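Colleague: Supplied in structure tokens, the structure appears directly below.
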Amino acid sequence: MSRNGSLALIFHTIFVIFMVAPILVVCLVAFTPEGYLSVPMNGFSLRWFRAIADYPEFINAFWVSLWIGAASSVVALLFAVPAALAIARYQFRGREALSALFLSPLMIPHVVLGIAFLRFFTQTGLSGTFVALLIAHVIVVFPFALRLTLAAATGMDRSVEMAAVSLGAGNWTLFRRITLPLILPGVVSGWALAFIQSFDEVTMTVFLAAPGTETLPVRMFLYIQDNIDPLVTSVSASVIVITMLALILLDRFYGLERVLAGHSDRGR
Amino acid sequence: MSGSASVTAAQETAAPASAKPERSGARAPWPLLLPAFILFIAVVIVPLAMTILLSFHNWGQYTGIQFVITLKNWQEIWSDPYFYEMFARTFRIAGLATLFAAIFGAPEAYILNRMRTPWKGFFLLVILGPLLISVVARTLGWALLFGGNNGLVNKALMTLGLMDSPLPFMFTETGVIIALAHVMMPFMVLSVWAALQRVDPQIENAALSLGAGQMTIIRRIILPQIMPGVLSGGIIVFALSASAFATPSIIGGRRLKVAATLAYDEFLNTLNWPLGAAVAVLLLIALVLIIVGSNAIIERRYSEVFR
């Protein structure tokens, strides 16, 4: 089947076990019928999934995460699409510097961003509000939205646009009917990756979240800090399953490799 | 809005599919850039400047933040060995997690790249997928695996006869390093994978036809060519590990402080914001210097490969 030797395949097997084990163990423990942390040996139970319903903090946090993720990705795209078109099509002074500025949230540690936002929103009186959380998430997901849109705008065939112009299309018509549909795959994947980034973000959000504006990862993190019980494993297992589904959809729709390529030089 | 700018540009050149930006030296298309630019000035640059300023403010147990300019926080970090130890621990953990990720991630990327089509895609998904799963959920997995003396890892290692007595993983640097390496591993695999895509398979075949063994090929053909990928992956993993928060916090517990968890404590428990800001600013400066410095070295050293 493979050109790899047996030694390579043993290494590969151990590696895959290493990568999958922590995720698998969370999903297994979530199905324990016991009242304590244990890998279910005799029979699975959904009791800890049902228990989530009795703990409204997790449900609320889930909705906050969903809203923040969806809204911040849309807002980020509203800013990122024009910027991406400008960067993709024009050579101007300060182009590199602007790109660096727009990608800087990848390079600034999220703990520093969290502190900066906390200070900023406290000073401006927005601390602990939904709006503050939204703005902060827009900044954090912006580079992902920009990068995928930029890739689409750079690789776009411009002859269709020229044809539309020669046929008398106006600016707005041109954008709405030609440019946007052509870069749409990039925009949609940019939205999806931005959503996932926002949905997973914990380090920065933990500084900003107040009761009522806690996102799911923050709620999980704060819960784990107090104690680890099967409830938080069932919540985590649900998050893992949701992410996996999104992952498979994203892979079908756009190709995971291309989406993840947006990650590959985030430290640079 | 975006139309007017793009139309003029489109009319000027007759190279439709060209990806190259045109109009060299022209003025920036500000109508398109201004919204994002203003957003970033207002919500990134200004807050960062405020944070730097905050690190120079004074703080007292009963007075709170005092708006004076003082070097007190910086002097405290400079003179108190506690901070020296904490930063040393932060960078030690990040360095070892990076080493761990490189030693296991690079060979795995190579093995993945040699797999046949359905398996290649499947395992790529399995290995890179965790990148998108919440860090908290992944770290919880390690907390469950380590879990005290009868955690699953210890049970497995003792059943296999590799150890006699359980090793402590929870609340130790070893545990944090392993969990961090796992969290960051996809970045390393991805980076080496990208480098491998640029390797011409013909070179490998040429070496093979000239009688080179597998180890020789890896050592003399593959390794030199993927080294930039390993190094740039290493920079990413190091930077993210040194500023990691959730993993060191959950696995390391309350006593094993790193820069990010200490800054969090100063902000949300002790409420000494100026000191927390100083720690965060120092972390930022250290990381920017390390990233920019090592990028420059890598690019100079491997300029051939990037060309």
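Colleague: I'd like to check something: does region A:37-60 contain any residue that is within 12 Å of chain B (Cβ to nearest Cβ), in a loop (DSSP other than H, G, I, E, B), out of contact with any Cys (no Cβ under 8 Å at 6 or more places or on another chain) and of a type in the set (Val, Ile, Thr)?
Modeller: yes
Colleague: Let me ask something else. Return yes or no: is residue B:65 modelled with pLDDT under 95, over 30 Å from residue A:87 (Cα atoms) and either aromatic (Phe, Trp, Tyr) or surrounded by 12 or more Cβ atoms within 10 Å (Cβ to Cβ) (or both)?
Modeller: Values: modelled with pLDDT under 95: yes; over 30 Å from residue A:87 (Cα atoms): yes; either aromatic (Phe, Trp, Tyr) or surrounded by 12 or more Cβ atoms within 10 Å (Cβ to Cβ) (or both): yes.
Spelling it out, residue B:65 is indeed modelled with pLDDT under 95, over 30 Å from residue A:87 (Cα atoms) and either aromatic (Phe, Trp, Tyr) or surrounded by 12 or more Cβ atoms within 10 Å (Cβ to Cβ) (or both).
Colleague: Also, quick follow-up: Name the one entry in A:153, A:80 that is touching a Phe, Trp or Tyr at 6+ places or on another chain (Cβ under 7 Å), under 19 Å from residue A:187 (Cα atoms) and buried (at least 21 other Cβ atoms within 10 Å of the Cβ). Show your work before the answer.
Modeller: Numbers: A:153 fails: touching a Phe, Trp or Tyr at 6+ places or on another chain (Cβ under 7 Å).
A:80 is the lone residue from the list that is touching a Phe, Trp or Tyr at 6+ places or on another chain (Cβ under 7 Å), under 19 Å from residue A:187 (Cα atoms) and buried (at least 21 other Cβ atoms within 10 Å of the Cβ).
Colleague: May I ask you to verify whether residue A:106 is at negative phi, modelled with pLDDT under 95 and within 7 Å of chain B (Cβ to nearest Cβ)?
Modeller: no
Colleague: Separate question: Quick check on region A:200-221: of everything there that is part of a helix (DSSP H, G or I) and either more than 10 Å from chain B (Cβ to nearest Cβ) or modelled with pLDDT under 95 (or both), which residue is surrounded by the most Cβ atoms within 10 Å (Cβ to Cβ)?
Modeller: Result: A:205.
Colleague: Within region A:186-194, is even one residue β-branched (Val, Ile, Thr), more than 30 Å from residue B:267 (Cβ to Cβ) and either touching a strand residue (DSSP E or B) at 6+ places or on another chain (Cβ under 7 Å) or free of Cβ contacts under 8 Å to residues at least 12 places away in the same chain (or both)?
Modeller: Taking every residue of region A:186-194 in turn, none turns out to be β-branched (Val, Ile, Thr), more than 30 Å from residue B:267 (Cβ to Cβ) and either touching a strand residue (DSSP E or B) at 6+ places or on another chain (Cβ under 7 Å) or free of Cβ contacts under 8 Å to residues at least 12 places away in the same chain (or both).
Colleague: Also, I was wondering about something else. Given the conditions (1) part of a helix (DSSP H, G or I); (2) out of contact with any Leu (no Cβ under 8 Å at 6 or more places or on another chain), and given that residue B:176 satisfies all but one, which numbered condition is not satisfied?
Modeller: The one condition residue B:176 does not meet is (2).
Colleague: Mind checking which pairs have a first residue in region A:213-225 that is of a type in the set (Lys, Arg) and a second that is assigned to a loop (DSSP other than H, G, I, E, B), Cβ under 9 Å, 6 or more apart or different chains?
Modeller: A:219/A:209
Conditions tested, residue by residue: (1) within 28 Å of the chain's Cα centre (by Cα); (2) modelled with pLDDT of 90 or more; (3) closer than 30 Å to residue B:144 by Cα.
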residue: B:173; (1), (2), (3): yes, yes, yes
residue: B:180; (1), (2), (3): yes, yes, yes
residue: B:185; (1), (2), (3): yes, yes, yes
residue: B:191; (1), (2), (3): yes, yes, yes
residue: B:202; (1), (2), (3): no, no, no
residue: B:211; (1), (2), (3): no, no, no
residue: B:219; (1), (2), (3): yes, no, no
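Colleague: Is region A:88-97 home to any residue that is at pLDDT 95 or above and of a type outside the set (S, T, N, Q)?
Modeller: no
The values are calculated or read from the model by the stated rules, or taken from the named source; none is laboratory data. This one's a predicted model, so the numbers in the text were calculated from it and none came from an experiment. Quick reminder, even Gly has a Cβ in these numbers, built from the backbone with ideal geometry, and neighbours come from all protein chains shown.
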